[in-house]
1. Identify, please: which residue in the stretch 225-262 is surrounded by 16 or more Cβ atoms within 10 Å (Cβ to Cβ) and hydroxyl-bearing (Ser, Thr, Tyr) and is, among those, modelled with the highest pLDDT?
2. Is it fair to say residue 480 is open to solvent by 10 Å² or more (accessible area, probe 1.4 Å), closer than 30 Å to residue 318 by Cβ and of a type in the set (D, E, K, R)?
3. Has the stretch 321-329 got any residue that is part of a strand (DSSP E or B) and open to solvent by 60 Å² or more (accessible area, probe 1.4 Å)?
4. Quick one: in the stretch 421-442, of everything that is modelled with pLDDT of 95 or more and polar (S, T, N, Q), which residue is nearest to residue 97 (Cα to Cα)?
5. What's the total number of residues in the stretch 208-265 that are in contact with a Ser or Thr (Cβ under 6 Å, 6 or more places away or on another chain), of a type outside the set (Gly, Ala, Ser) and closer than 25 Å to residue 477 by Cα?
6. For the stretch 490-499, check the following and say yes or no: at least one residue is in contact (Cβ under 8 Å) with a residue 40 or more places away in the chain, under 22 Å from residue 322 (Cα atoms) and crowded, with 21+ Cβ neighbours inside 10 Å.
7. Of all residues in the stretch 556-569, count the ones that are touching a Ser or Thr at 6+ places or on another chain (Cβ under 8 Å) and either in a strand (DSSP E or B) or open to solvent by 10 Å² or more (accessible area, probe 1.4 Å) (or both).
8. Residue 288 passes all but one of (1) part of a loop (DSSP other than H, G, I, E, B); (2) open to solvent by 60 Å² or more (accessible area, probe 1.4 Å); which number fails?
Amino acid sequence: MSSPSTRRRRHDGALLSLLGILSLSAACAPASSAPAPAAPRPVAPAPPVPSVSAEAPRPAPAPERPGYEGHGAASVSPEILARYAPPPLPDDVSRRIQVLLDVRAPSGGVLGPDGKALYFTWTITGTRQVFRLDGPQRFPLQLTGGEDPTVVQDVTPGGAHLVLSRDRKGEENPGLYLQDVKGGPLLAIQHKPGVQTQLQFVSDDGRHVYYRANDVKKDAYAIYRYDIASKQRELVFDREGIWRAVDAAADGRLLLARDVGSNMSEFYEWAPGAQGAAKADPAAGALTPLFGQGEREDYRAMFGAAPGEVLVLTPRLGEYRRLYSWKAGKLTPISPELPFDVSAFSIDRARKRILYTVNERGHTRLRALDARSHREVKLPALPAADHVVPVATTPNGRFTTLLLETARAPAASYILDWTTGKLTQWHTPSMPEIAPDAFAAATLESYPARDGTQIPMFVRRPAQCERPCPVIVHFHGGPESQIKAGFSARAQIFVDAGFVFVEPNVRGSDGYGKTWLHADDGAKRLDIITDIEDAAKFVRASFGHEGRPPKVGIFGGSYGGYSALLGMTMFAGAYDAGAAVVGMSNLVTFLQNTAPYRRILRISEYGDPEKDREALIKLSPITYLDRVKAPLLIVQGVTDPRVPAGESVQIQRALEAKKIPSELILFADEGHGAQKRDNQVLQYGHLVRFFRTHLGGR
């Protein structure tokens, strides 16, 4: 048995990055002559450079208790919400944002097993809801509604039910539901306050839905099996740790993953206990270690087509992620050795083909293998695109949904018929009142860090601006994310406002090998965090006009918001204005208050709040408030479980106490970034308003 929903979530992770939910971009100024890098050099021993730890002031003793406690709506008082509620926008600003937010496309979608209907998620109502297409380019039928974002996760193999995920107010405590493919009311599998209920996969016979939930302990996940006919659930696996059920075999064996750190997993095989009169005994099964135990290495895996085979994606034996066949403890490569990461892979339920994607300098290339022989399968001719991403394959292996995205339009969904080799476009992106050639394409360039390392960056430039064009440097989240080529309507918001939009992939980003990815782990971040300041230095020196340097702003969301706060505090003077969306201001209080299920994985990335406290304080923007020289805009969703609202409130209060120009906007009904249409308009509108005020633009 295969697990298409698990595969889909992995590809959707790439899609979120691809489609840019928080990714903004912009561009302007004369075209830079900086060459496009083949790939960043791995972080090698370099000449000694001044580290941040040497430049940082001696940190003040950490308080016995954080300045706030907890996360979510209950952690913010009504008085604070009222004081920092988003103010209205001028009509002309709002209209410009509205037009560009209307440029969008549905998700790739899941094809029904007979290939006659496509089920997909779309934001056309203002929130994500589920729609159905009964044929290529047909009029979509809306299946779900209301204010709660809803996403289609899978279609049961017999084609009778949709499996849906629904969240409330950005809390990231989704519930899992069933719905008849023809529409109608939703049947809750589970949706509990404060609990994450997440689909793992649907059994091949369509009888059971496997899901995980942290309803036993907040910092651990148990695995459950839900019987669709009886509407009963049973506990399959419950042990300490961040567990996932990745795949299942026909004989009932489960492939389990235990996440032990950021990009670090251990894999096990679980043979459930003997079936009793009513259900299996979750304590009686056998847990067999396969690989990853004690290694703290990046592994992704699924059962292969051959008996005893596990397909494994890992960088363990080289610098880049490569696809392997694992049998009896031995890894045998089945994808070619490349100077790029294999970014994701899947195997269909029929065990006919393995599809995998290669991350070539921020572009996504699709490849295929025969699942049994591991020989390359020739793909039919595909349209030119920056990204070709497989989303899901029907149970019989005949049809695969592909998302194709270019620089000039949002991603479009195609269906590939492997029997005929025919590729059919099923839906078309919406681009009202805008010509496709109006969108600025991103060019791949680079800038030198102070130790000589070339940092790749994507740059978008408007056709016209007041030279020297003001520049916004946008840092991505993660920190293990990656800025990629492709389309971004949100980037165009800033391009249209007259800004150059620069997006670096600093050290710590994914997509450039494991040395690059882990260059910022823990206290090592002190040695490479200067990539943030070096970006500003390069832009001022290289993006000017007739000897005049441009004004430069910094912006980002999540870890990018943290980067923006560092750029304005630790590196005060490097940037002329900064905007941080859901960014951490104090790494100690962040780790103390983030959701328990995240704390375990974030400690491996940032450090332990007890053991590494001194380094965390040195790396916290709030440590350097006395250096701030330029205005700040801070945006935060109150229900955010990842970056608590207290992170934004505490730095805003500290800035106000020091009479430093700053603004805070709180969204009471949003979490880790604005999802609702009206709130997105306010968020992007105030970002443009803020940067136009302090940097110029048009």
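The values are calculated or read from the model by the stated rules, or taken from the named source; none is laboratory data. All values derive from a computational prediction rather than experimental measurement. Glycine also receives a Cβ, built like all others from the backbone with ideal geometry; neighbour counts cover every protein chain displayed. Heads up: the accessible areas ignore ligands, DNA and RNA and are worked out on the full protein's heavy atoms, side chains in. Shrake-Rupley method; radii C 1.70, N 1.55, O 1.52, S 1.80 Å.
1. Once the filter is applied, the top-ranked residue is 226.
2. On the way: open to solvent by 10 Å² or more (accessible area, probe 1.4 Å): yes; closer than 30 Å to residue 318 by Cβ: yes; of a type in the set (D, E, K, R): yes.
Judged against the criteria, residue 480 is a match.
3. Pass one, the stretch 321-329, residues part of a strand (DSSP E or B): 322-327.
If we keep only those that are open to solvent by 60 Å² or more (accessible area, probe 1.4 Å) too, we end up with 327.
Yes, the stretch 321-329 has at least one match.
4. That would be 425.
5. Qualifying residue count, the stretch 208-265: 1.
6. As a first pass, look at the stretch 490-499 and keep what is in contact (Cβ under 8 Å) with a residue 40 or more places away in the chain: 490-499.
Within this subset, residues satisfying the condition of being under 22 Å from residue 322 (Cα atoms) are none.
No: the stretch 490-499 contains no residue that is in contact (Cβ under 8 Å) with a residue 40 or more places away in the chain, under 22 Å from residue 322 (Cα atoms) and crowded, with 21+ Cβ neighbours inside 10 Å.
7. The total comes to 2.
8. Condition not satisfied by residue 288: (1).
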